[in-house]
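This report concerns only the one structure given below.
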Amino acid sequence: FPSHDSERSPSSLMTEWFAAGETGEAFEMGASCTLRAPGDDGREITVKRADLSDDEIRALTSRGEQCTALSLIWNERIMAKLMDTGHLKGLRFLDTMQEEASASAEEGDLEALASATLLIACDGVTGLINNYIAHAGGEI
């Protein structure tokens, strides 16, 4: 994400979401995360392909571990992993975005389809960033 002034760090926001088993409006948790123990020991726990809202998995934060990476889905349109640095990794556009682009272009018009796809992707990424900044307490 672009540099911005916010009230909350990405790690504190992700940890809150993870511990609650749910995210703020427009987001839902994906199926992977990384938790890091406080202090200098560097202990990390990586969870993959799991229901992150499950109580047993959420209990992993009971010893103070902080979420340093969390897979998120934004508005059922974009999947990405949010890192504790605020960066996004593995940005992936879901089928609903391609369906939107296909619906807005006439059949067989590949140029219109390419333009619609690009516009919808840009709009989606902008929305995702704006929603994240708002959740972090920053100004858009």
**Item:** Choice from D95, D40, D54 with maximal GNM fluctuation in the chain (Cα, 10 Å cutoff)
**Value:** D40
**Message:** What distance in nm lies between label points placed 7 Å from Cα along the C-beta direction at S115 and A134?
**Reply:** 2.9
**Asked** If one takes the longest principal axis of the Cα atoms in the chain, at what angle in degrees, from 0 to 90 and to the nearest 10, does the Cα axis of helix 10-20 lie?
**Response** 80
**Message:** Exposed loop sites here are trypsin sites (Lys or Arg not before Pro) in DSSP loop states with at most 15 other C-beta atoms within 10 Å. What is the longest stretch of the chain lacking them?
**Reply:** 50-140
**Request:** Just subtract the alpha-carbon distance of A105 and R92 from 0.36 nm times their residue separation and send over the number in nm, one decimal.
**Result:** 2.5 nm
**Complete:** Among L82, G124, A112, the residue whose Cα sits farthest towards the positive end of the charge dipole of region 60-140 (+1 at Cβ of Lys and Arg, -1 at Cβ of Asp and Glu, taken about the Cα centre) is L82
**Prompt:** Among the GluC sites (Glu not before Pro) within region 76-125, which fall in a DSSP loop and have no more than 11 other Cβ atoms within 10 Å of their own Cβ?
**Reply:** E106, E107
**Request:** Calculate the dipole size of the chain relative to its Cα centre from +1 charges on Lys and Arg beta carbons and -1 charges on Asp and Glu beta carbons; express the result in debye to the nearest 20.
**Result:** 660
**Request:** Enter the angle in degrees (range 0 to 90, nearest 10) between the Cα long axis of helix 95-104 and the first principal axis of the Cα atoms of the chain, meaning the one along which they spread out most.
**Result:** 20
**Message:** From the protein chains alone at 1.4 Å, what is the descending order of accessible area for S32, S53, largest first?
**Reply:** S53, S32
**Request:** Arrange the residues M97, M83 by how much accessible surface each exposes, largest first, with a 1.4 angstrom probe.
**Result:** M83, M97
**Complete:** Expressed in angstrom, Rg and Dmax over the Cα atoms of region 33-88 are 12.1, 38
**Request:** Go through L94, F18, I73 and say which Cα lies farthest out towards the positive end of the charge dipole of the chain; charges sit on Cβ, +1 for Lys and Arg, -1 for Asp and Glu.
**Result:** F18
**Complete:** Within the set L13, L113, L128, GNM on the chain using Cα springs under 10 Å gives the largest fluctuation to L113
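The values are calculated or read from the model by the stated rules, or taken from the named source; none is laboratory data. Being a predicted model, the structure only gives us computed values, none of them experimental. Reconstructed Cβ throughout: ideal geometry from the backbone, glycine too, with neighbour counts over all protein chains shown. Ligands, DNA and RNA are excluded from the accessible area calculation, which covers all protein heavy atoms including side chains. Shrake-Rupley method; radii C 1.70, N 1.55, O 1.52, S 1.80 Å.
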